[in-house]
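Below: the structure, in structure tokens.
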Amino acid sequence: MGIHSTAVANRFLEHAEKAERKLTQMQLQKLVYIAHGWNLAINDRALTEDHPIAWDYGPVYRALWKALRRYGSSPVTEKVKIGDFDTSATGRRANEISTGSLEKPETAVVNKVFEVYGKYEAFQLSAITHAEGTPWDEVFVKNGGKDSVIPNKLIKDHFYELAEQRAR
């Protein structure tokens, strides 16, 4: 079933802090999406419980966007709290950091995605995630699906194909 996209983003923020790097909202969007895709292909299960949707600049997790939009293109300076994306959260719960438990294989995927993709700028990650032939392209461009959910099967098939290409 996975964990919330904001919890995955917080994992990437932890990695960035240890590496003494900063990540923007767009970088986090794309890193979460890429990790979700690789996890579907490698571990055959969703990393995120919420689904990416097709927006102009590629796949976006709506709750993550809501939580981080205040940063614009500036680096994200704090971990995402539940109240940042869930308006029904009140009191102590609203101030809790968004977390979730991952199995060892999922943690390995998140770690590897940060290692490989964490150094890319936002525009580079955006280009990767919304190039021709990607799941975003299939939903947004070819089917006119702005704001449509990008199906996990489409994402899994795409990342599985990427893995096969790299293996050749």
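Taking the criterion of being at pLDDT below 95, surrounded by 15 or more Cβ atoms within 10 Å (Cβ to Cβ) and in a loop (DSSP other than H, G, I, E, B), the only residue of segment 103-133 that qualifies is His130. Scanning segment 58-74 for residues that are open to solvent by less than 10 Å² (accessible area, probe 1.4 Å) and either of a type in the set (S, T, N, Q) or part of a loop (DSSP other than H, G, I, E, B) (or both) yields a total of 1.
Being surrounded by 19 or more Cβ atoms within 10 Å (Cβ to Cβ) and not hydrophobic (A, V, I, L, M, F, W, C) narrows it down to one of Asn43, Asn39, so name that one. Criteria check complete, one pass: Asn39. Out of curiosity, is Thr99 without any contact (Cβ under 8 Å) to a residue 40 or more places away in the chain, among the β-branched types (Val, Ile, Thr) and part of a loop (DSSP other than H, G, I, E, B)? No. Tell me the residue from Thr77, Thr99, Thr87 that is closer than 21 Å to Asp147 by Cβ, of a type outside the set (Asp, Glu) and surrounded by fewer than 20 Cβ atoms within 10 Å (Cβ to Cβ), please. The unique qualifying residue is Thr87. Selection over segment 15-37 of residues that are closer than 20 Å to Thr107 by Cβ and more than 11 Å from the chain's Cα centre (by Cα) gives a count of 7.
Take Glu164 and tell me if it is in a helix (DSSP H, G or I), out of contact with any Ser or Thr (no Cβ under 9 Å at 6 or more places or on another chain), open to solvent by 60 Å² or more (accessible area, probe 1.4 Å) and on the phi < 0 side of the Ramachandran plot.
Judged against the criteria, Glu164 is a match.
Taken over segment 46-57, the criterion of being touching a residue at least 60 places away in the same chain (Cβ under 8 Å) and either open to solvent by 40 Å² or more (accessible area, probe 1.4 Å) or in a loop (DSSP other than H, G, I, E, B) (or both) is satisfied by Ala46, Leu47, His51, Pro52, Trp55, Asp56, Tyr57.
The values are calculated or read from the model by the stated rules, or taken from the named source; none is laboratory data. Bear in mind that the values here come from a model prediction, so they are computed numbers and not experimental data. Methodologically, a virtual Cβ is constructed for each residue, glycine included, from the backbone with ideal geometry; neighbour enumeration extends over all protein chains shown. Just so you know, the surface numbers come from the protein's heavy atoms only, side chains and all, with ligands and any DNA or RNA stripped out. Shrake-Rupley method; radii C 1.70, N 1.55, O 1.52, S 1.80 Å.
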